[in-house]
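Here is the structure we will look at.
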Amino acid sequence: MFFNACLTLASFRHVAKPVLIALLLTASAASYFIHQYGIVIDKAMIQNVFETDMREATELLNWQMVLSVAAFGVLPSLLVARANVGFPQGVRGLASRAGIAGASLGVAALLLLVFFKSLAPALREHRELRFLLTPTNCIHALYGYLHNRWGTPAVVAPLGRDAIKGPAWAAHERKTVTVIVVGETARASNFYLNGYARNTNPMLSHQEGLINFARVRSCGTATAVSVPCLFSALGQDNYSESKARFQENLLDVLTHAGFRVLWRDNNSGCKGVCARVAYEDVSVPVVGNPHCAGDECYDERLLDGLPELIRNSKNDLVIVLHQKGSHGPAYAKRYPQEFARFGPVCTTSEFEKCSRESIEAAYDNTILYTDYFLSKTIDLLRHSSETDQVDTAMLYFSDHGESLGEGNIYLHGAPYMFAPQQQIEVPMMLWMSDQFSTRFHVDRTCLQAKRQQSFSHDNIFHSVLGMLNVNTTVLNPKLDLFHACVRGA
Amino acid sequence: MLNKNFSWRIDAPLLTLAVSVLLATANNVKFWTIFIQAAGGASLDKLPLLAGTFAILVCSSMLA
């Protein structure tokens, strides 16, 4: 419908060329990414395009893309631009347009009737086709994104204003620091802790007290969906971008309960989640910082100054660390050279120049670096707990997974209904200092017994509140994985 | 036709048709690959269905 509307515009003198050229350029770029990375174009993908940062975007640019867009977008656009287009005038022109439109509609309707019996099952069984048809997919997705973005009132609904710290907080003078690490593009199946053949977790597998949850599903297949979804109280079934944007989230509820909340970001932003809490962007390189190289910083930079921040804080802290993690396609840029343990690795974003093995090796090195980063975070929190009289905990989960060539699909962002498992099965793990679990009466053995149970991002909102003994009416005990594992206070 | 200034003349409906054909073919290779699989493969007896679908796509964009 929208495609037709656009081409309707194209039949008038002053808009014909711009509309046709815009369609040609958009379609050629979309077609390149669909063909090269096996992605589809939907609302979430358009949201990614609008909300990504320059560094992420430039990683996707390469000569093959330039040539492809030049051949199928720029060259035809030049021909259109140089055309001396004749527009039928007056009554005759209107009649001509009506005739062509009527004939086209008639032929299309007739053919649809003739082939409906064959077309219907094919389209029903392969629903991804509607996301592949270019440029219709781009126009539909853009409309959906803009409708969500600006189609609703900009009033943020309150949530959990009744939140207070529960009985476990009474008679305790030690502060608490809870670190929530939001991973990026880490898929569960490439974690050694989940049974992967390569030892991608040499450090975490020796971390005492770490609880690894092996079966966790993400809310979405892209950061722009998963991050707002998992921090919201909506759950996957009720989630929409507009609902989440205009309702307070987990970080607000924690603030209401008296926590100081800080979001530290080494990614492309918090997708609106941190709008009402403190925010630090550490993704911009600083000359001389040992954790920055070239035009970006490694995740270890998220830990810069953290011990001092913990030591000097006068409040109970919740710190969110948003990783760059395993974001592709330039996996080899995500880790320092000393973590290039698996190889040879693919060092370009042009996957057709690399073997699947080299792409997977580069990806595994990013998981190895995340293993180091998480382990270092735990060591830091353990040390703070012992020396600064602070009760500490860390919860880690990834926002979504990644495809590494299975079924010739790469990257992520597939529509959830037919997304490959690799894009939606994510790692999740928990570490608590002894004092933290004692203080909140958490039975670790009970939690360990849940390692093979199925969880999802829906559990995050309620479990963080449950773990921190926050009493509020918005906490659903059924989704709180600590609920049955907290012994009587 | 092309003149020395690299300018050529074409009627609007024909230009729309040309762009529609280009969009439906060169920029939709993945769509056709999946569609042909979904339709049961690229055999001679599927030719009417594939040609018909192509015509539906082009005609629907020609409604302008």
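Details
One line per residue, one yes/no per condition, for (1) in a helix (DSSP H, G or I); (2) at pLDDT 95 or above; (3) hydroxyl-bearing (Ser, Thr, Tyr); (4) surrounded by fewer than 21 Cβ atoms within 10 Å (Cβ to Cβ):
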| position | (1), (2), (3), (4) |
| --- | --- |
| A:SER375 | yes, yes, yes, yes |
| A:LEU381 | yes, yes, no, no |
| A:ALA414 | no, no, no, no |
| A:GLN422 | yes, yes, no, no |
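- Any hit, segment B:31-45, residues being within 14 Å of the chain's Cα centre (by Cα), at the interface with chain A (Cβ under 7 Å from one of its Cβ atoms) and either over 14 Å from A:LEU129 (Cβ atoms) or surrounded by fewer than 14 Cβ atoms within 10 Å (Cβ to Cβ) (or both): no
- Just one of the listed residues (A:LEU78, A:LEU94) is in a helix (DSSP H, G or I), modelled with pLDDT under 90 and not assigned by TED's automatic domain parsing to the domain that holds A:LYS353, and it is A:LEU94.
- Those helices (runs of 4 or more DSSP H) of segment A:225-311 in which 3 or more residues are of a type in the set (A, V, I, L, M, F, W, C) occupy A:250-256.
- Residues of segment A:440-489 that turn out to be part of a loop (DSSP other than H, G, I, E, B) and β-branched (Val, Ile, Thr), as a count: 3
- Test: A:PHE72 is closer than 26 Å to A:VAL15 by Cα, among the aromatic types (Phe, Trp, Tyr) and assigned to a helix (DSSP H, G or I): yes
- Within segment A:184-199, being among the hydroxyl-bearing types (Ser, Thr, Tyr), in a loop (DSSP other than H, G, I, E, B) and within 22 Å of the chain's Cα centre (by Cα) holds for one residue alone: A:THR185.
- Tally, over segment A:383-412, of residues that are in a helix (DSSP H, G or I), of a type in the set (S, T, N, Q) and surrounded by fewer than 18 Cβ atoms within 10 Å (Cβ to Cβ): 2
- For A:ARG82, the criteria (1) among the charged types (D, E, K, R); (2) within 12 Å of chain B (Cβ to nearest Cβ); (3) in contact (Cβ under 8 Å) with a residue 60 or more places away in the chain hold in every case but one, which is (3).
- Of the residues A:VAL155, A:VAL179, A:VAL216, the single one that is part of a loop (DSSP other than H, G, I, E, B) and β-branched (Val, Ile, Thr) is A:VAL155.
- Tally of residues being in a loop (DSSP other than H, G, I, E, B) and within 27 Å of B:THR33 (Cβ to Cβ) across segment A:8-50: 5
The values are calculated or read from the model by the stated rules, or taken from the named source; none is laboratory data. Computed from a prediction, not measured in an experiment: that's the story for all the values here. Backbone-built Cβ (ideal geometry, glycine too); neighbour counts: all protein chains shown.
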